[in-house]
Amino acid sequence: MVHMHLLPLLGGMMQYHQRRHDFRCLGWFVCLYVGHAVFLLVARGSVPATPKHARYTCSAIHFLVLVCVICSTGEEKDDYVARRDFLMQCQVILAIVFPDRTVLCLFAPLFLATCVGTTALVCGYDACGIWFWEQQLFHILLTCLIVPMVTEYIHRERIEAYIQAQNADLLVSAFRRMLKGVCDGDLLLDGQARICGDSSCLQRLLGTQDELTGKRFSDLIDEHQRFDDFLAESAKKNANHHGTPRCCRVALNGAEREVPVDVFHVELPKRLGTSADCHLLALIEDADARLRAEASQNLHADPAQNPLAHGPGPGLALSASESQSSCSSESYEMFEELSQLTLLLDCSTEMIDIKEAHARFARITDEAHMKLGMPTLKRLIRPSDWPAVQAQLSHLAHRGTTHKGTARSQTLPPMMLRVPGEQKRYVHAKGASVKAAYSGFRPQGVPAYLQLTLNKFHKRQVMAGVHEDPLEYLAANDLSYPGDVQRQDMCKREKLLKDGWNSPSKSPSRSPCPQIA
């Protein structure tokens, strides 16, 4: 509108330069200039684009048109008719740009009265014939009824179509997000079966970093014609949009191997606007083929990185498969309620050694069961050691409520720790110490926390054939629990009794003690 208004503005400027003393020509030029300024302000955004400001702006332009019609009375008959018809066309354009019936119906009678008066003044009453009235009536119907109704209907249909297209695209995108939860990936193909949009799922399946957007999906498989026929047949069978999607097994050419996948196809209907003539594919990888590929990669892996490739170490009597299965099940039982695991890593080594590990557990239930649940010290040590260890730790915890002092460490006898996943396999910790986690008095009802530290493992190897009687082990190694005098006497008496049963010529026999590998 700004550029279209330049032509009559230049014409009015030239006419005013020729007729400087004509005030009606000056009024025509001023109205054109003010109208151009209004259009320029609206185009630059200086006037806020609100219905209220738009109504005021269009009312001002309609008023300028009326003033221009009045200022045209100083022209000759032919020039006046040309200006009047030009201003009537401008009013039609205004009705198309802003089809507000209130403003149009308000200015329609004013414009009719102005045209009738100026026509009779310039051309005489004979010019106001039947064709003049038919022209004015048609102009009123066109600007006040036909143009607003048609324009409003077109705008409503266009807005509704835009909203439907947006809803359809949102529905397709939501459906694709849902597919990510039930399949390994989804693809959107255009009418030429080329990949459009995101192709990260296909890159993950193929094990490649190459950009696949824009490539034909059939180029990734060997059977091109079979896949094209599948798309064509699936489009015909699912034309009613009520049938189940068709499926086809294809082998994709991956970076290292062929990836067998099941492809489900749905053709997107044309009424979805921008998604017309597109194909939606859901990809599901064959799980058995993936497991076989992973197993073959593990078999051909570097022996230095596979701890089972060198054979079982000293004291490992179980087979690799049995040990792996039992350790896996035990790990699930031990760490079922693990809430946090903090590891101190040494990144200067090739395999990134774990220097320290701190695990945090949260109990879910207080039911007394040993199969699953919270890890406990009772199932970590030997069953025969549990009564003595429990008594010692309970005594230390009870002292926290009756004595005041610092959290000093106290030494405990060596302990046998069960290997996770193994029922009769232990590691031997020669150094054991315990201390209170907090110093001072412990109020009633507050849990007693003790910090148990185990070290000095015998070559950190697993022990086999561990005897389950702690008394024999303690007697054989002259070990005892601090402060337990009765247990020390019992160990000495049993040792003397065994020596008495043996003959003097033979060396005294001892019960088997743990063999440390």
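Distance cut-off 22 Å, Cα to Cα: go down the list LYS215/LYS236; LYS355/LYS424; LYS355/LYS456; LYS355/LYS378 and report the pairs above it. Violating the 22 Å Cα-Cα cut-off are LYS215/LYS236; LYS355/LYS424; LYS355/LYS378. Sorting the segments 53-65, 125-137 by their mean number of nearby beta carbons within 10 angstrom, highest to lowest, gives 53-65, 125-137.
Ranked by the mean number of other Cβ atoms within 10 Å of their residues, highest first, the peptides 198-205, 37-44 fall in the order 198-205, 37-44.
Residues SER339, SER348, ranked from the fewest to the most other C-beta atoms within 10 Å, line up as SER348, SER339. Among the GluC sites (Glu not before Pro) within segment 172-266, which fall in a DSSP loop and have no more than 16 other Cβ atoms within 10 Å of their own Cβ? Listed in order of number, the matching sites are GLU211, GLU223, GLU256.
Laboratory data are not the source of any read-out in this text; all were calculated from the coordinates shown. On a predicted model such as this, the values are computed, not experimentally measured, just so you know. Cβ atoms come from the backbone with ideal geometry, glycine included; neighbour counts cover every protein chain shown.
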